[in-house]
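This report refers to the structure that appears directly beneath it.
The values are calculated or read from the model by the stated rules, or taken from the named source; none is laboratory data. Computed from a predicted structure; not experimentally measured. Here Cβ is always computed from backbone atoms with ideal geometry, including for glycine, and neighbour counts include all displayed protein chains.
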Amino acid sequence: MGELWMLEDLEPWPDAPESGGICSPTTLWITPDTMELPDEVCVTITARVEALVVGGRVERVAHIGHGVTTIVGSGDGDTGDVELTGCLLWDHYLWMDFHTEPTGQLRMTRRGSLIQRAISHPTRNPHWFSVTYEGPIEYWAAPRVKPGYDIRWRASTVSLGAA
């Protein structure tokens with residue numbers, strides 16, 4: 001398997017590696033059905049999905065290769081060899097929703113952002129704005145965001161089994 005895309009929230013975590021860095025992120029597999037994703041961040045892979053009973057509920061974990069696992073959901077769902085379409089989401093708060101901790105290491109190979117047109121609306125407080133987003137989300141590789149857009153997610157390509 002080549003590279004996968006991994007989205008990250010915008011929390012200012014100190015463990016966000018740069019290109020070439022290795023991390024062991026807590027990840028969830030997201031799909032275009034659950035979140036608006038640009039085509040370029042979506043891949044289709046075959047993974048072995050197993051259902052684990054943890055804390056009295058079922059959590060589904062996908063083995064995606066090289067010792068790397070990711071959460072694919074809870075409750076009923078496909079198990080065994082399954083085709084997954086989408087990308088990884090690094091969720092620093094995954095432990096709040098799932099007891100199973102994903103395993104493995106990833107190497108960051110490229111970093112960018114998913115951006116979207118941002119409309120700022122003034123509020124009653126000076127220098128404060130309410131922001132709404134419109135239009136499609138798109139991948140942006142440049143370090144600076146184009147005018148009128150905001151970063152919605154950090155977006156990286158990663159390779160599996162970086163050890």
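Summary of values
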{"item": "Flag for Glu36 being touching a residue at least 60 places away in the same chain (Cβ under 8 Å), touching a strand residue (DSSP E or B) at 6+ places or on another chain (Cβ under 6 Å) and exposed (fewer than 15 other Cβ atoms within 10 Å of the Cβ)", "result": "yes"}
{"item": "Residue list for the stretch 59-110, restricted to those being small (Gly, Ala, Ser), over 20 Å from Ala155 (Cα atoms) and part of a loop (DSSP other than H, G, I, E, B)", "result": "Gly67, Gly75, Gly77"}
{"item": "Given (1) surrounded by 10 or more Cβ atoms within 10 Å (Cβ to Cβ); (2) farther than 22 Å from Cys42 by Cα, number of the condition Pro147 does not satisfy", "result": "(1)"}
{"item": "Scope the stretch 18-47; condition outside any loop (DSSP other than H, G, I, E, B) and modelled with pLDDT of 90 or more; matching residues", "result": "Thr27, Leu28, Trp29, Ile30, Val41, Val43, Thr44, Ile45, Thr46, Ala47"}
{"item": "Check on Thr132, assigned by TED's automatic domain parsing to the domain that holds Ile45 and either in contact with a strand residue (DSSP E or B) (Cβ under 8 Å, 6 or more places away or on another chain) or not polar (S, T, N, Q) (or both)", "result": "no"}
{"item": "Number of positions in the stretch 48-83 that are modelled with pLDDT of 95 or more, basic (Lys, Arg) and within 20 Å of Trp95 (Cβ to Cβ)", "result": "1"}
{"item": "Filter result for Ala118 (crowded, with 17+ Cβ neighbours inside 10 Å and more than 24 Å from Pro25 (Cβ to Cβ))", "result": "yes"}
{"item": "Where a residue in the stretch 88-104 is aromatic (Phe, Trp, Tyr) and its partner, wherever it lies, is at pLDDT 90 or above, with Cβ under 6 Å and at least six apart", "result": "Trp90/Met6; Trp90/Thr27; Phe98/Glu59; Phe98/Ile71"}
{"item": "Of residues in the stretch 39-84 being in contact (Cβ under 8 Å) with a residue 60 or more places away in the chain and under 28 Å from Gly135 (Cα atoms), the one surrounded by the fewest Cβ atoms within 10 Å (Cβ to Cβ)", "result": "Glu40"}
{"item": "Which listed residue is part of a strand (DSSP E or B) and in contact with a Leu (Cβ under 9 Å, 6 or more places away or on another chain), from Ser159, Ser130, Ser113, Ser120", "result": "Ser159"}
